[in-house]
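For reference, the structure discussed in these notes is given below.
The values are calculated or read from the model by the stated rules, or taken from the named source; none is laboratory data. Predicted model only: the values in this text are computed from it and were never measured. For neighbour counting, all protein chains shown are included, and Cβ atoms are generated from backbone atoms with ideal geometry for every residue, glycine included. For accessibility, only protein heavy atoms count, side chains too; no ligands or nucleic acids. Shrake-Rupley method; radii C 1.70, N 1.55, O 1.52, S 1.80 Å.
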Amino acid sequence: MTKKIGVGKAHSKIILMGEHSVVYGYPAIAIPLKTIEVECYIYPSDHSIIFDFDDTLSTAIYAALDYLGKTQVAISYDIRSEVPQKRGMGSSAAVSIAAIRAVFDYFQQSVSDELLEVLVNQAEIIAHTNPSGLDAKTCLSDEAIKFIRNVGFEAIDLNLNAYLVIADTGVHGNTREAVDKVAASEIDNLPFLSQLGLLTEQAEQQIIAKDCQGLGQSMTAAHAFLQKIGVSLEKSDHLVSSALEEGALGAKMSGGGLGGCMIALAETENQAHKITDRLRKEGAVNTWIQKL
Ligand code: MEV
């Protein structure tokens, strides 16, 4: 049985702490952005799809069709996304989740989150080569999570009465390139990755203690180590400094880096707006405010 149109949705994510070090087994803390969504539609078509395995979306559609034994079926697909691509907001994972949900919906099959995660990570290997699984897990979660590769995840009670400013540098990040760059100097980078791991543990304690000042300091300290492993860019550094000048409690780049987004912690909503105004003046192409 098929439907006229299959529909699947997913939301995006932002990493608070632990990008890159999570690839090496250290914990990461990430937040779902439930209002920034992707939708995928599957339609009947005259032709079966020609898959492009260099493309995450095409690979995700293939993974779902292959699981269902339907790779020869004539369909086409369309994506509508509010998630900017290549900005560290989990666009590839969110697009894959929406696409897989849409394929299962089209064939009127249910798909568990466990199966979705396996299929999404197959597609993520195309986008990221060696994904930790953090993006897929956060895009599948409705709550903030602490995630450790190959170990598991737990929900985090993020109730800080603070605001996270997210700003898009406008520079396309490249997670695969950034992860490869860190790996190419692994021996030199290991001490910095370990420091990033410690800062993430510290940030978790600060979240539990509702210590926003401390959390901000951990974020800014993490940015310095992300610079040392070579994944920040001048524009991200500039936006981080500008946010701090504007009174942010802390600021850092977020996600794979080499462009993409930066984040800043604000004590009040008013301060969050002041920071976004300043970041836009300093060249951010888009900004969002997320209550924590
Ligand atoms: C990318 O969103 C996060 C990285 O830590 C890579 C990964 O976790 O696979 C840079």
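Might you check whether a residue that is out of contact with any Ser or Thr (no Cβ under 6 Å at 6 or more places or on another chain), hydroxyl-bearing (S, T, Y), touching a residue at least 40 places away in the same chain (Cβ under 8 Å) and not assigned by TED's automatic domain parsing to the domain that holds E245 occurs anywhere in segment 134-155? Looking for residues that are out of contact with any Ser or Thr (no Cβ under 6 Å at 6 or more places or on another chain), hydroxyl-bearing (S, T, Y), touching a residue at least 40 places away in the same chain (Cβ under 8 Å) and not assigned by TED's automatic domain parsing to the domain that holds E245, one finds at least one in segment 134-155, hence yes. Search segment 47-60 for residues being of a type in the set (A, V, I, L, M, F, W, C) and closer than 14 Å to E124 by Cβ, and hand back the single one that is most open to solvent (accessible area, probe 1.4 Å). For segment 47-60, the residue satisfying everything is F53.
Against the condition modelled with pLDDT under 90 and either within 20 Å of I36 (Cα to Cα) or in a helix (DSSP H, G or I) (or both), how does A99 come out, does it pass? Judged against the criteria, A99 is not a match.
Cβ-Cβ contacts under 6 Å between residues 6 or more apart (or on different chains), taken from a first residue in segment 8-25 that is touching a residue at least 24 places away in the same chain (Cβ under 8 Å) to a second residue that is assigned to a loop (DSSP other than H, G, I, E, B) and more than 9 Å from the ligand (Cβ to nearest atom), are listed as S12/V83; G18/P27. Close Cβ contacts (under 7 Å, 6 or more residues apart or on different chains) running from residues in segment 51-80 that are closer than 15 Å to G8 by Cβ and acidic (D, E) to residues that are in a helix (DSSP H, G or I) and open to solvent by 40 Å² or more (accessible area, probe 1.4 Å) are absent. Under 9 Å by Cβ, and 6 or more places apart or on different chains, what pairs join a residue from segment 174-199 that is on the phi < 0 side of the Ramachandran plot with one that is among the acidic types (D, E) and open to solvent by 50 Å² or more (accessible area, probe 1.4 Å)? Between residues of segment 174-199 that are on the phi < 0 side of the Ramachandran plot and residues that are among the acidic types (D, E) and open to solvent by 50 Å² or more (accessible area, probe 1.4 Å), the close pairs are L193/E186.
Condition check ((1) within 11 Å of T138 (Cα to Cα); (2) open to solvent by 10 Å² or more (accessible area, probe 1.4 Å)) across all residues:
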{"residue": "G6", "(1), (2)": "no, no"}
{"residue": "H11", "(1), (2)": "yes, yes"}
{"residue": "I14", "(1), (2)": "yes, no"}
{"residue": "E19", "(1), (2)": "no, no"}
{"residue": "V22", "(1), (2)": "no, no"}
{"residue": "I31", "(1), (2)": "yes, no"}
{"residue": "E37", "(1), (2)": "no, yes"}
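Rundown of residues vs (1) in contact (Cβ under 8 Å) with a residue 24 or more places away in the chain; (2) touching a Cys at 6+ places or on another chain (Cβ under 6 Å); (3) open to solvent by less than 10 Å² (accessible area, probe 1.4 Å), yes/no style:
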residue: G260; (1), (2), (3): yes, no, yes
residue: A264; (1), (2), (3): yes, no, yes
residue: E267; (1), (2), (3): yes, no, no
residue: N270; (1), (2), (3): no, no, no
residue: I275; (1), (2), (3): yes, no, yes
residue: R278; (1), (2), (3): yes, no, no
residue: E282; (1), (2), (3): yes, no, no
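Summed over segment 107-126, the residues that are open to solvent by 50 Å² or more (accessible area, probe 1.4 Å) and over 21 Å from N174 (Cβ atoms) give a count of 7.
The set of residues in segment 127-163 that are at positive phi and open to solvent by 20 Å² or more (accessible area, probe 1.4 Å) comprises T129, N150, G152, N161. Tallying residues that are surrounded by 17 or more Cβ atoms within 10 Å (Cβ to Cβ) and small (G, A, S) within segment 164-202 yields 4.
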